[in-house]
Amino acid sequence: LSSGINAEWPLRPGEEFNTYLKNKTLRRPSYVIVTKTVAVLRELVVSSTWHHPTDLIRILKLYARYLPLKQSNETVVSNIVRRVLKIVREECSPTEGNAGLSVFFKKDSPKSSVETGDQNELKENICAGIEELEREVENSKNSIIKMALEHITDEVILTYGYSITVRDFLLHGHRKRNFRLVVCESGPSLKGHQMARECAEGGLDTTLIADSAAFAMIHIVNKIIIGTHTIMADGALRALNGTHQLALAAKHYAVPVIVCAALYKLSPTHLCSYDHDAFNKVIGPEMMVPFRNANLHSRVLVSNPEFDYVPGDLVELYITNIGGHAPSYFYRIVSELYHFKDFDLDSETSHDDT
Amino acid sequence: MIPYDTKFQELSSRLKLASGTSRTSVASGCDLFVRFITLRSKSLEEDVWDSKNFDNLKNHLVERGKHFMKRLSGSRKSIAQLAYPFIMDGVTVLTTSMSRVVMEILAKAHEKCKKFKVLVTISEPDKRGHRMVKELRSRDITAMPILDSSIGFVMERVDFVLVGAEGVVENGGLINYIGTYPVAVMARSLNKPFYVAVESFKFYRMYPLRQTDLPNESKYLSEDEAEHPVVDYTPPQYINKLFTDLGVLTPSAVSDELMKLYI
């Protein structure tokens, strides 16, 4: 770590979280990771020694670089760090706002617009901001599922993969609406099986189909409701492997694709190349070829990518905790939730903060 | 304030006439400059504006002008910083005519040791594509000129298209040297990403719906309409992303940025 931080570096909460992230055997819903991240960051704000908000910003950014974010592929952690950074920056200089053409019209404002005298008040304000973020995260799923009755009628809905948000969305809709659910088994992880089981246990009329049957079934489906791992800055998706094909099939039959996702999944990053170099992750092939059969496939390269890129124009509507949006609107939400200086958490120029 | 205002108008129109094919970018740059240096901010500068001291006011305007210039000259570098990750090893980039912003991006990617190939359309009538190729080759970047008519042939081998801009209009559409529109349509038809690299001072308050909606002084170098136009308009649906010094934007974000400025 750099020498820019003082000696009282609160490693303990950070270290536990670090180990937690590195542990890939745990199956972790995004919501759990997000709540843990907010708690760790709050701990960091309260217990680390900083005299000026820019020091705090530097500490948070260094902490983000210390976490194994690339290995664990949990973009929600970086998103929450960015949210907290925005809270801190807002306390630091409330009039700054976001970069825009109006950046031409602002002279470089003096660095310390906040006296170091009321540092305690500043800390309190930042903690209040973080608590508000915590509440938003807690209520995000409920805000999404409340909109179920507006979007579901008596129809046939198709879903893909396993998403807690989508499952609860559908179960909430089931209270007053009568609809049939078709679930694709979502190979090779076969997460669709768990989805089908849980929805059926909740009382829904569920049908499980193979992914290859999706195109054949789509003409009787009225809408597709899916979850996602991440929402990119241009309204595109980084979703479960196989979602892009489903979205293309939907487009062919003009079936709307609706994505239910909380805003902590929104990441201000873009897809840089169709080769998915930094975008995708290849996971173990044991889902496709069990280890006992490895001999039969010893000369074959078995590739099991985890994610799929779905361009924004294939998605009709996003249902987020702040309401329904078109994919083209996300540039606006990104500029409201995150500060442009935090888009790139890896940048080496993290000391250039004002 | 009236005398100096007309002086600026005069200077702007003379610059526009002199700038040949870059009329649109000069026009938007001038508009923004005039707005910037005459902006009265409520905070610190009240006394400067209200005082009878003309020298003070003059110094203030000059200082603002310098500040504006500083922002502008940094914009190409920040665009290059933002855009070079989109150039991966082994890609083939297609570009049109001569753009210094695109040059900066490609140079940055090359500096970061990426191996890529650039195809440049020759861009009739003044064949400025050759200048781009020469400049790229002088920096050791593999560049090849291609005929404007062969973009259809070449497009399947291209990974993405990256062009500069004369101007970006309110709906996110692009005004660029003639020949850009067919490249955009071709890229869309073969599903290749079409990226635009543009500085934010080129955002222009205009909402053309068709090619004929562009003002004549942008399109034609002389009064004679029988001449060939020098720019064309690419509608926003053909553009995937815009790399600007305000960040990576989608076409829908452009009008938002313009509104923030004028309201």
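Keeping all protein chains in place and using 1.4 angstrom, which order do A:199, A:272 fall into by accessible surface area, from largest down?
Most to least solvent-accessible, the answer reads A:272, A:199.
Please list, ordered by chain and number, the residues whose modelled amide H lies under 5 Å from the amide H of residue A:182; skip anything fewer than 5 residues away on the same chain.
A:157, A:158, A:159, A:207
Given the protein assembly as shown, what percent of its DSSP beta bridges are antiparallel, to the nearest 5?
In the protein assembly as shown, approximately 35 percent of DSSP beta bridges are antiparallel ones.
Which one, B:237, B:34, B:90, projects farthest toward the positive side of the charge dipole computed for chain B from Cβ point charges (K/R +1, D/E -1)?
Of B:237, B:34, B:90, it is B:90.
Counting only protein heavy atoms and rolling a 1.4 Å probe, how much accessible area do A and B lose on contact, total for both sides, in Å² to 100? Present the calculation step by step, with values, prior to reporting the outcome.
Working: alone 18010 and 14180 Å², together 29740 Å².
Answer for the A-B pair: about 2500 Å² buried.
Note down the nm distance, to one decimal, between modelled labels 7 Å out along Cα→Cβ at residue A:326 and at residue A:35.
With each label point 7 Å from Cα toward Cβ, the separation is 3.7 nm.
Tell me, what ³J(HN,Hα) does each residue in the range B:152-169 have, in order and in whole Hz, if you take phi through Karplus 6.51 cos²θ - 1.76 cosθ + 1.60 with θ = phi - 60° and put x for Gly and Pro?
x, 5, 7, 4, 5, 8, 8, 8, 7, 10, 10, 10, x, 8, 7, x, 10, 9
Determine which residues of the range A:235-263 fall in the zone a paramagnetic label at residue A:180 would reach in this model, i.e. backbone nitrogen under 12 Å from the point 7 Å along Cα→Cβ.
So the set is empty, nothing qualifies.
Which value, in Å², gives the accessible area per residue of the protein assembly as shown when a 1.4 Å probe is used on the protein heavy atoms?
Ligands and nucleic acids excluded, the figure is 48 Å² per residue.
Can you tell me the FRET efficiency between residue A:118 and residue A:164 if r is taken as the Cβ-Cβ distance and R0 is 30 Å, rounded to the nearest 0.05?
Efficiency, from the Cβ-Cβ distance: 0.10.
Which ³J(HN,Hα) values, rounded to whole Hz and listed in residue order, are derived for the range B:135-144 from phi using the Karplus coefficients 6.51, -1.76 and 1.60 in 6.51 cos²θ - 1.76 cosθ + 1.60 with θ = phi - 60°, glycine and proline given as x?
Per-residue couplings from phi come out as 5, 5, 5, 5, 9, 6, 9, 5, 9, 9 Hz.
Around residue A:255, under 15 Å between beta carbons, what's the net of Lys plus Arg minus Asp minus Glu among the other residues?
Value of the local net charge: 0.
Out of the range A:234-326, which trypsin sites (Lys or Arg not before Pro) are coil in DSSP terms and have no more than 16 other C-beta atoms within 10 Å?
Those that pass, being in a loop and sparsely packed, are A:281, A:299.
Along Cα→Cβ, 7 Å out, is where each label goes; now give me the distance between the ones at residue A:153 and residue B:13 in nm to one decimal.
5.9 nm
Does the range A:119-227 come out rounded, prolate or oblate, given a ≥ b ≥ c as the square roots of the eigenvalues of its C-alpha gyration tensor, rounded meaning a/c under 1.5 and, failing that, prolate meaning a/b above b/c?
prolate
Once you've got the Cα coordinates, tell me which of A:341/B:202; A:123/B:112; B:77/B:115; B:134/B:202 are over 29 Å apart. Can you show the working numbers first?
Working: A:341/B:202 22 Å; A:123/B:112 41 Å; B:77/B:115 20 Å; B:134/B:202 26 Å.
Going by Cα-Cα distance, A:123/B:112 fall outside the 29 Å limit.
Could you work out how far apart the two model spin labels at residue A:125 and residue B:213 are, taking each label as a point 7 Å from the Cα in the direction of the beta carbon, and quote it in nm?
Here the answer is 4.4 nm between the modelled labels.
Placing unit charges on C-beta atoms (Lys and Arg positive, Asp and Glu negative, everything else neutral), compute the dipole magnitude of the protein assembly as shown about its Cα centre in debye, rounded to 20.
Values: 74 positive and 75 negative charges, 227 e Å.
About 1080 debye.
If you put +1 on each Lys and Arg Cβ and -1 on each Asp and Glu Cβ, how big is the dipole of the range B:111-263 around its Cα centre, in Debye rounded to 20?
Values: 19 positive and 21 negative charges, 185 e Å.
Dipole magnitude for the range B:111-263 comes out near 880 debye.
Have a look at B:177, B:84, B:204 and tell me which one the Gaussian network model of chain B (Cα, springs below 10 Å) gives the largest fluctuation.
B:84
Below 12 angstrom from the Cβ of residue B:28, what's the summed charge of the other residues (Lys, Arg +1; Asp, Glu -1)?
+1
Note down the magnitude of the dipole of the range A:183-228 about its Cα centre, charges +1 on Lys and Arg C-beta and -1 on Asp and Glu C-beta and zero elsewhere, to the nearest 20 debye.
Here the range A:183-228 has a charge dipole of around 100 debye.
Among rounded, prolate and oblate, which fits the protein assembly as shown when a ≥ b ≥ c are the square roots of the eigenvalues of its C-alpha gyration tensor, a/c under 1.5 means rounded, and a/b larger than b/c means prolate?
oblate
The values are calculated or read from the model by the stated rules, or taken from the named source; none is laboratory data. Model, not experiment: these values are computed from the prediction. In this analysis, Cβ positions are derived from the backbone assuming ideal geometry, glycine residues included, and neighbour counts consider all displayed protein chains. Remember, those area values only see protein heavy atoms, side chains included, never the ligands or the DNA or RNA. Shrake-Rupley method; radii C 1.70, N 1.55, O 1.52, S 1.80 Å.
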